[in-house]
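Data block below; observations after.
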Amino acid sequence: MKSESGFTLVEMLIVLVIISILIVLTVANLSKNKEVAEAKECEALKNIIENQMKVYEIDQDAAVEDIQLLIEDGYIQTNTCRNGITYTIEGGEVVGDGST
């Protein structure tokens, strides 16, 4: 009887099942982290807009009445997050049209 070294089909299937389980757990964890990251992105964008309003007021010696002024003058690039929340300026405050 000849001795051959290698993996059996059962051993390979067990390894594939273990790898599949790890991939499923990783993907589930990444999708949960994506939602958290998007929320943090919107919070950061709101803070940037508030800070750039102050910079604009110092530079121009005038209050910001419309967020388009900040975009047109290059103080910010966008007022919309990836999850669709759009920020505007109302009464000197930055407000989003979504959940924040």
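Read the figures in this text as sums done on the coordinates, not as results from a lab. The shown structure was predicted, so the numbers you read here are calculated from the model rather than taken from an experiment. Every residue, glycine as well, gets a Cβ built from its backbone with ideal geometry; the counts of neighbours run over all protein chains shown.
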Top-ranked residue of the stretch 47-77 - restricted to ones that are surrounded by 12 or more Cβ atoms within 10 Å (Cβ to Cβ) and of a type in the set (S, T, N, Q), ranked as farthest from V36 (Cα to Cα): Q60
Every residue from the stretch 55-91 that is in a strand (DSSP E or B) and under 16 Å from the mean Cα position of the chain (by Cα): T80, T86, Y87
Some residue of the stretch 2-21 being in a loop (DSSP other than H, G, I, E, B), closer than 30 Å to G91 by Cα and without any contact (Cβ under 8 Å) to a residue 12 or more places away in the chain: no
Whichever residue in the stretch 1-41 is closer than 29 Å to G96 by Cα and among the basic types (K, R) and, among such residues, is farthest from the chain's Cα centre (by Cα): K32
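Please go through the stretch 30-55 and pick out each residue that is β-branched (V, I, T) and farther than 16 Å from T86 by Cβ.
V36, V55
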